[in-house]
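Here is the structure we will look at, set down as structure tokens.
Any read-out appearing in this document is the output of simple, stated calculations on the displayed coordinates, not a laboratory observation. Worth saying up front: this structure is predicted, and the values here are computed from it rather than measured. Here Cβ is always computed from backbone atoms with ideal geometry, including for glycine, and neighbour counts include all displayed protein chains.
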């Protein structure tokens, strides 16, 4: 039974550290083992009922019903002005750090849970419940938030949570993400934004009087080629993706309208702004060269995720102290793992200290990475769930560490302030995973 569980050491239980960071780890390990039988069916339900961003109604109801059954948690459904957002709060009644665990629920169009958000949900749910249980049993101070965030896949649910004040009184934010390549608590993601461009020209017959027209498509082609030339002088980690979404009407008419989209990625928010400035100049050059009018709409995207070294060090101690450490090994202490993906947890990391743990699950038959049909199958396996539970133990260890270790939160916050004071964080020593 989870409630009133008795800790009975198992043969082979060997914890590699006896410092304060691991003091409660045996309790954490055993409690999550007791949680697993109730979380496994919940994991399967979410995995087998994929829902798109801001439509995660089944997941929202299943998760909030589960949390309301816990008794000591205050659960708010449809929180922060979003139908499928929710928050559960456990308050010890003793003033202390506030630790939040972000949970994701949305799936991908036509691919289901090919990004493993069911596993993210389970690891954060288990870690949050366990952190609260250890605080209760050991009379530790603090408060625990579990936040159900919608629409990570391009919808920016965490950004809306930020704007609604979800993290105003939160000290740290923890989350995880599955893949097949690495285990790392020091994950840095890319920043991205999207530019929509539209050119307005003047129609004319292309054979009889082309000189009377202003060709909007020519303007877009000039801009497209200018951006292609720009790529020669961009940095190796810059990414520019282009699409022509409207190439005009009939070929015998000077096109009065053309439109396109550019998606930009860069290693940091500051570098992204510089790249955006150059791409916008290319768009304006197309208008200048042809006489067309140009409209540029900037759609804010996701900031790069800035990992916190102090949080990562705590996670590392707990991960290494648990029995049967799986591969691949964590990177050396302090080394980033950089992925060319983006997440709205990046925006959270600019508002408060954050840890976005990556963890490797056993790959599918084709070793497909996230956003592939093979990974969708892999994310629904018992082995993947078990790996998510191991991650939950180390995340819970970090959450308890923050509440139990005097001065640790201050160290985390000081590291965050140092990181935020830098315009662009160096990527020397980063382990790149493309």
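Got a sec? Which of 323, 370 is assigned to a loop (DSSP other than H, G, I, E, B) and under 24 Å from residue 49 (Cβ atoms)?
Exactly one of 323, 370 is assigned to a loop (DSSP other than H, G, I, E, B) and under 24 Å from residue 49 (Cβ atoms), namely 370.
When residues of the range 277-295 are filtered for being under 27 Å from the mean Cα position of the chain (by Cα) and either closer than 11 Å to residue 191 by Cα or buried (at least 21 other Cβ atoms within 10 Å of the Cβ) (or both), how many remain?
Residues in the range 277-295 being under 27 Å from the mean Cα position of the chain (by Cα) and either closer than 11 Å to residue 191 by Cα or buried (at least 21 other Cβ atoms within 10 Å of the Cβ) (or both): 1 in total.
Could you tell me whether residue 217 is touching a strand residue (DSSP E or B) at 6+ places or on another chain (Cβ under 7 Å), crowded, with 22+ Cβ neighbours inside 10 Å and not in a loop (DSSP other than H, G, I, E, B)?
yes
How many residues does the range 145-161 hold that are touching a helix residue (DSSP H, G or I) at 6+ places or on another chain (Cβ under 6 Å) and surrounded by fewer than 23 Cβ atoms within 10 Å (Cβ to Cβ)?
Number satisfying all stated conditions: 1.
For the subset of the range 126-144 comprising residues that are buried (at least 24 other Cβ atoms within 10 Å of the Cβ) and in contact with a strand residue (DSSP E or B) (Cβ under 6 Å, 6 or more places away or on another chain), which member is nearest to residue 79 (Cα to Cα)?
144
If a residue has to be under 30 Å from residue 272 (Cβ atoms) and either out of contact with any strand residue (DSSP E or B) (no Cβ under 9 Å at 6 or more places or on another chain) or in a strand (DSSP E or B) (or both) to count, how many in the range 240-257 make the cut?
Summing the residues that are under 30 Å from residue 272 (Cβ atoms) and either out of contact with any strand residue (DSSP E or B) (no Cβ under 9 Å at 6 or more places or on another chain) or in a strand (DSSP E or B) (or both) in the range 240-257 gives 8.
Quickly run through the range 333-349 and pick out the residues that are assigned to a helix (DSSP H, G or I) and within 13 Å of residue 157 (Cα to Cα).
Residues satisfying the conditions are 345, 346, 347, 348.
Based on this model, can you work out whether residue 64 counts as buried (at least 16 other Cβ atoms within 10 Å of the Cβ) and assigned to a loop (DSSP other than H, G, I, E, B)?
No.
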